[in-house]
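J.: Let me give you the structure first, and then I'll get to my questions.
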Amino acid sequence: MDFLTLFAVYVVVVVTCILLVCKYSGRQQTPFNVLFDSAAKVVAPFTPQWLQAFSQRTMHRLFHQRNNVFIYLHILLEAAVYAEFTHEVFGFCREFGTTLTSLSVPYVLLAVKTSFFYLCIKSDPGTITKKKVAGQLHIYPYDRRLFHPGVSCPTCQHVKPPRSKHCRVCNRCVQRFDHHCVWVNNCIGAQNTRYFLLYLFSVCAMAGVIALLTGDMLLHAVLHSGLLRASYIDEYGQQQPAGPLFVVQHLFLTFPRIVFMLGFLLFVFFLIAGYALFHSYLALVNQTSNEWYKSRGYVCHHCHPTVTADNLCSPVPDHSKRYFYSRGLLRNLGEIFFPLQPVKKKDN
């Protein structure tokens, strides 16, 4: 069917965009990236050299240099969803008896999400400078597995505090470095992890609520139309009852933009929900995603262009003290929402 083909193309495009973000967001040696690179090698002989060079330059500029492209893309996608929801879904929901209180929830969540999104973009993640480094050296102890005393950052020219890392995209060392997020064009570190977590959950809530309201609207549309009791004449002239596939096709042809929006929202919800749960787990055990990857032997190249013993990105086989910085559930969460401050030495 034409509508299924179109929807399949839509899903493939969305999934491809998400996979490209995962591929070029800084984690180079993961199982997914190994598979991705293998597929790229198969396609490479059939791809013109100019196209390969152009794609490499484009990906480098997008994912390895600071820019606001993904911030604008985020705002554009959000505007498109809310425009469709306000223009069509809102009116249909009112016709089917949905209360104004329920319909106002997505707009309240939008305001909440926007505030956390702004804080993620504008807040300092915990930049380490030569003036601050003396106090930041004593915030955490060195675990001597992932972080060792006396190791200097060759770019910033200072000793690296425990749990810190140099971000090649931002060109700075960040305290309790988690990762560099292209969607907010900023590093996630000690001072803004709490905003990032709340941003993820608010995006989840926003997508989930709009999807529920949209799904409820489509369900009411099906019930009011009597499609579940209808029948149709197939290509062989036989009368057939309207099954689920016929109902989906009818909805797609009657409300194409709404169905596309619902599919996108469901995809975003499950993707961000999984990501938010992963970061919640890291918060509960007091671990960063950088430490999680390094403890499992995956190599991150956001720190330096080459991986050496000096930049501490080598695999760590010993898992006996994986949660070295964990101080209990409540204290771990407290550290996220009330970050530890640099230690000030008392004058004698």
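J.: Mind checking which residues of the stretch 196-224 are over 20 Å from A111 (Cα atoms) and without any contact (Cβ under 8 Å) to a residue 12 or more places away in the chain?
T.: Hits for the stretch 196-224 are L219, L223.
J.: Just checking: which of the helices (runs of 4 or more DSSP H) contained wholly in the stretch 77-189 hold 3 or more residues that are touching a residue at least 12 places away in the same chain (Cβ under 8 Å) and either surrounded by 16 or more Cβ atoms within 10 Å (Cβ to Cβ) or among the β-branched types (V, I, T) (or both)? Even if it seems obvious, please write down each step before you answer.
T.: Numbers: elements: 90-95, 100-122, 133-136.
Answer list for the stretch 77-189: 90-95, 100-122.
J.: Please specify each residue of the stretch 275-316 satisfying the condition of being modelled with pLDDT of 60 or more, outside any helix (DSSP H, G or I) and on the phi < 0 side of the Ramachandran plot. Walk me through how you get there before you give the answer.
T.: First pass over the stretch 275-316, keeping only residues modelled with pLDDT of 60 or more: 275-297.
Add one more test, that the residue is outside any helix (DSSP H, G or I), and what stays is 285-288, 296-297.
Within the stretch 275-316, V285, Q287, T288, R296 qualify.
J.: Something else now. List the number of the failed condition for H180; all other conditions in (1) at pLDDT 95 or above; (2) under 15 Å from T288 (Cα atoms) hold.
T.: Of (1) at pLDDT 95 or above; (2) under 15 Å from T288 (Cα atoms), only one is false for H180: (1).
J.: Of the numbered conditions (1) of a type in the set (A, V, I, L, M); (2) at pLDDT below 70; (3) crowded, with 17+ Cβ neighbours inside 10 Å, I272 fails exactly one; give the number of that condition.
T.: (2)
J.: Then there is this: For the stretch 224-259, how many residues are within 22 Å of H87 (Cβ to Cβ) and crowded, with 17+ Cβ neighbours inside 10 Å?
T.: Kept after step one, since they are within 22 Å of H87 (Cβ to Cβ), are these residues of the stretch 224-259: 224-225, 250-259.
Filter once more, so that each one left must be crowded, with 17+ Cβ neighbours inside 10 Å: 250-252, 255, 258-259.
Qualifying residue count, the stretch 224-259: 6.
J.: Shifting gears a bit: How many residues, within the stretch 141-164, are among the hydrophobic types (A, V, I, L, M, F, W, C) and more than 20 Å from T127 (Cβ to Cβ)? Break it down into steps so the answer makes sense when it comes.
T.: We begin by selecting, within the stretch 141-164, every residue among the hydrophobic types (A, V, I, L, M, F, W, C); these are 146-147, 151, 153, 156, 159.
Now narrow it down to the ones that are more than 20 Å from T127 (Cβ to Cβ): 146.
Looking only at that region, the number is 1.
J.: To continue, here is another question. Could you please find all residues in the stretch 175-198 being among the charged types (D, E, K, R) and on the phi > 0 side of the Ramachandran plot?
T.: Step one: filter the stretch 175-198 for residues among the charged types (D, E, K, R), giving 176, 178, 194.
Answer for the stretch 175-198, where residues must be among the charged types (D, E, K, R) and on the phi > 0 side of the Ramachandran plot: just R176.
The values are calculated or read from the model by the stated rules, or taken from the named source; none is laboratory data. Everything numeric here is computed off the predicted structure, so don't read it as measured data. All Cβ positions, glycine included, derive from the backbone under ideal geometry; neighbour counts span all protein chains shown.
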